[in-house]
Amino acid sequence: MEILQCRLGSSDRFVSAIGLGTWQFSQGHGLIGKFWPSLDNNTIREIVKAAHSGGINWFDTAEAYGRGQSEYALSQALNDLQIPHNDALIATKWWPLLRSSRSLESTIHERLQRLQGWPITLYQIHQPYSTSSIADQMTSMARLLDLGLIQQAGVSNFSASQMTAAYRALKAHGHTLSSNQVRFNLLDRRIETNGVLSAAQDLGMTIIAYSPLAQGLLTGKFHNGSTSLKGFRRFTPQFSSRGLAKTSSLIHVLDTLAAKYQVTMAEVALNWLITTPGQFVTAIAGATSQAQASQNAHAMTWKLTASDRSALDQVF
Ligand SMILES: NC(=O)c1ccc[n+]([C@@H]2O[C@H](COP(=O)([O-])OP(=O)(O)OC[C@H]3O[C@@H](n4cnc5c(N)ncnc54)[C@H](OP(=O)(O)O)[C@@H]3O)[C@@H](O)[C@H]2O)c1
């Protein structure tokens, strides 16, 4: 079975076109970690196992997800499952709020400790909010790369101009910025018009699409009433009855395509992202169960036709 792949930056490393997002592994720690219900270690292990068996070979985590709890729970699951280091990779992120670039270097050993032996293949700046300039942050990233403490550098939530500035600053140190992780899904397509998508393609960078299922909305389960909404999503406008009504025509097209390909609506929504022409978009879907992780991985095994992609474009 062929699995769709995505190049990580301009390196010769390819990753599965779908990665597993692990904000959901925060286990209730910290403020950001409370967004999702707490998952026990057994469920986390089952999710990682299902993702990996389905062909997912990379995992996105962050310092901010449960103040390192997600990094710990993820690496614990990978270790328990005896997945070798050459068969999966981890991307994590530094949290820059109220911090200078010096903290990128001073906290790296804490990140590595949390990852329990797993190397940091991709280290990302979570938000463009550091008290240091982009140039200074890239100087610190370059030092981490030179020391071999990380293998590739990326950013997240950077605008086109911030991303380009970061790219140039890192290039001046002889390194290449690999990726920008941004919100991108069938309901949030701002990066197609704000310059991020085209600048990334021009620079040879990878776009890592987060919230690819619009936090579950694009699975259709909230539109058909099969699932009631718990937790913080209840307070998000897109999940209100008005928000659901506004997106019902898109869900209808997703449903039609899901029937055509004999897959779920979640798969169609993910496949639309990873078949963006150019092979430079990868999607990190979060999961709260083994079944979701398997389904989401299956989205890498088939391809929407160009005309089905345009049916989705039209309804947008
Ligand atoms: N860089 C950033 O600033 C940033 C921001 C947000 C997220 N992220 C990353 O992106 C990852 C994914 O984004 P996200 O968690 O916001 O949203 P998402 O991947 O769009 O949605 C994930 C949620 O949708 C539901 N779901 C997933 N697969 C499903 C399926 N096949 N069928 C039915 N329901 C399904 C699950 O929630 P329920 O089961 O509870 O419905 C799951 O927790 C995160 O884990 C994190 O790694 C990064």
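The values are calculated or read from the model by the stated rules, or taken from the named source; none is laboratory data. Remember, predicted model here, so these are calculated numbers, not experimental data. We place every Cβ from the backbone using ideal geometry, glycine too, and count neighbours over all the protein chains shown. Note: areas computed on protein heavy atoms with side chains; ligands, DNA, RNA excluded. Shrake-Rupley method; radii C 1.70, N 1.55, O 1.52, S 1.80 Å.
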Self-check item: log₁₀ of I(q)/I(0) at q = 0.18 Å⁻¹ - region 1-132, Debye sum with one point per alpha carbon
Solution: -1.01
Quiz item: For region 244-316, what are the per-bin percents of Cα-Cα distances with bins 5 Å wide, up to the bin holding the maximum?
Solution: 3, 16, 27, 25, 19, 8, 1
Self-check item: Neighbour net charge for residue 142 - beta-carbon separation under 11 angstrom, K R +1, D E -1
Solution: -1
Quiz item: Which residues does a label at residue 40 reach in region 270-302, if reach means a backbone N under 15 Å from a point 7 Å past the Cα toward the Cβ?
Solution: 289-290
Quiz item: Can you tell me the accessible area per residue over region 82-185, all protein chains present, probe 1.4 angstrom, in square angstrom?
Solution: 41
Exercise. Would you kindly find the accessible area of residue 58, with a 1.4 Å probe and non-protein molecules such as ligands, DNA and RNA excluded, rounding to the nearest 10 Å²?
Key: 0
Quiz item: Please report, for the Cα atoms of region 132-215, the Rg to one decimal and the Dmax as a whole number; what are they, in angstrom?
Solution: 13.2, 41
Quiz item: Rg to Rh for the chain: what is it, with Cα atoms only and Rh by Kirkwood?
Solution: 0.95
Quiz item: Which entries in 221/246; 230/303; 34/230; 34/93 show an alpha-carbon gap greater than 23 Å?
Solution: 230/303
Quiz prompt | Net charge over other residues, Cβ less than 14 angstrom from the Cβ of residue 284 (K, R count +1; D, E count -1) | solution = +1
Quiz item: Got a number for the accessible area of residue 98? Probe 1.4 Å, square angstrom, nearest 10.
Solution: 150
Quiz item: For region 2-17 and region 198-241, what is the separation of their C-alpha centers, rounded to whole Å?
Solution: 23
Exercise. Subtract the Cα-Cα distance of residue 192 and residue 233 from 0.36 nm times their separation in residues, and report this length gain in nm to one decimal.
Key: 12.2 nm
Self-check item: Accessible area of the chain belonging to carbon and sulfur atoms, whole % at 1.4 Å probe
Solution: 51
Quiz item: In terms of Cα to Cα distance under 13 Å, which aspartates and glutamates are near enough to residue 49, apart from those fewer than 8 places away along the same chain?
Solution: 80, 87
